[in-house]
1. Using Cα positions and a limit of under 24 Å, work out the lysines in reach of K60, with same-chain residues fewer than 8 apart set aside.
2. Just round it to a whole percent: the fraction of Cα-Cα distances in region 154-274 exceeding 16 Å.
3. In degrees, nearest 10, range 0 to 90: what is the angle between the Cα axis of helix 478-489 and the longest Cα principal axis of the chain?
4. Mind checking the log10 I(q)/I(0) for region 291-384 at q = 0.17 Å⁻¹? Debye, one equal scatterer per Cα, no solvent, two decimals.
5. Can you tally the net charge around R227? Count Lys and Arg as +1, Asp and Glu as -1, for every other residue whose Cβ sits under 14 Å from the Cβ of R227.
6. Mind pulling the angle between the C-alpha long axis of helix 327-344 and the longest principal axis of the chain? Nearest 10 degrees, somewhere in 0 to 90.
7. Okay, helix-only estimate at 222 nm for the chain: each DSSP H run of n ≥ 4 adds -39500 (n - 2.57), divide by all residues, round to 500 deg cm²/dmol; what do you get?
8. Near the amide H of V30, under 5 Å away, which other amide H atoms are found, from residues 5 or more places off or on another chain, if H is placed in the peptide plane?
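Values quoted throughout were computed directly from the atomic coordinates according to the rules given, and no laboratory measurement underlies them. For clarity, every value in this text was computed on a predicted model and none was experimentally measured. Virtual Cβ from ideal backbone geometry, glycine too; neighbours counted across all protein chains shown.
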Amino acid sequence: MYNVMIVEDSKPILRNIKMLLNSLGLPIEVVATAGNGEEALELLQQQSVDLVLTDIRMPKMDGLTLIERIKPIRPDLLYVLISGYNDFEYTRKALNLQVFDYLLKPVEIKQLSEVMDRAMERLEQRTSGGTELLKDIVDPKYYASLRLGDQFHHYGKIVLLLRKQPFTPGGEGWTRDFIQQELNDTLAPHLCWVFPTRTSKEYLVLAHKSALETYSSVYSCLEAIRRSLGERGLQVAVGGQMQPADPGGLLEAYHRISGILDEGQRIHQPIVVDTEVSLPLIHSESAGLDRATGAIFVELIRNKRKEQFLLKLNEWLGKWRGEPIRLAELERFIGVLTGTFAQTGVEQDHQFRIALEASAASLLVADSYDGFCQEFQEWAKQSFDQVQSQNRKSAEDLFRQIEEYVRMNLYSYLSITDVALKFHVSPSYISRIMKKYTESTFVQYYTELKIKEACRLMASKPEMKFREVADILSFSDQHYFSKVFKEYTGYSPTDYKEKVLSGLPQEKLPGQEHEE
């Protein structure tokens, strides 16, 4: 819906124009009327209006003078002149003022409809053009219902990013409406627009460049915004610059400012940076959080030294309290620990890693550094416990699966590599599992099951020849089968068969004593 003002000193003509506008069925509303330019000028400074239909000749202030006076303040308005005088000088001056269109009295419905249709197209183009520039920046849910009035235009703005300071309270105030109201007060009477971005930790702000008139620089304006929000309990880092002359450069400006805040934001002190003039002082690593420090913690995780890890972490968290630690460094450090815990867990368990990453991300939303330290230590403790529990449980589950798979393939030939490929783990991991639950190697365990199966076949099917038993169980030849059979039972196949034929009880057959 677009707001329209009619400025006309003749009340009958004004009523007629208003009636005709209402009959057009367009998305417009006549929100204000005035009888002369002075009255209109005062109303326009208070009322939100998109389109002005104004008579040229009026007492006190004519229509052209009104446009000259209001244009520097509201350059976004569309103006349609109405006059009963077909005067070239008026028309030429109107063109110089970039008036949208011209109507002659008496205003007829057809003429008015044509002009208003074109005006709606122009207003819609401006509105859609503004939102299109924000599509890749603004939160999709907010963007879906975003409508920008004609007051929003693409030139002459300051581009700002507000980034919530980590480990500070005020989450209830971290809303678009709250920030919009605060900036309206801080930058008044100048216009600004606040947009939630695709990440919940920041807001994009576009403020009219006239807001700089009361400040000595862009930096002082940014600092005033940071200070005013801080006084309301919301600590923020602020980055900004003048918007590029090309509206299409807005996305690039956004990513530039966001990237600088990513690398510059510190966990203990909000930063303010005019990205066109200076960058925050950024070191490759803070003194208290370098790569060597990370390597110490990684080694403790890999060696499963939980108590030493927690003591060391508590020590360093205390040291970092006084260090200029950057948020990006802390995020990378937590990421390294998360990856190490995941790698120390069972191989190829993607769900375990996803859960670790989700719980790690929640650490950075603590309301204080003390709260962060407490949650970080608890997270590390739980991660150690989860790795240990997961390894224990998963190892047992994996052994049961391997055991079932091997028993189903006694009549085939399986190597440890075949089993590793089947369960998507390494052969060395299979070896550790088998050693833990069978106290033997995979080959020994598999061969013993085959020999037990050979004993069962020889007992249940005495007519089978040794060569047939060897073939069916995938031994390379009968000689090798006989050799292995004697190693595991203490008998040659011939001696063993004779004992079976002699009526030795099945449960006491050599090689079967320990089978459950």
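1. Result set, ordered by chain and number: K11, K18, K71, K93, K105.
2. 57 percent
3. Orientation of helix 478-489: about 90 degrees from the principal axis.
4. -0.72
5. Net of charged neighbours comes to -2.
6. The helix 327-344 is inclined about 20 degrees to the chain.
7. After summing the helix terms and dividing by the residues of the chain, the value is -17000 deg cm²/dmol.
8. Here the answer is V4, since their amide H atoms fall under 5 Å of that of V30.
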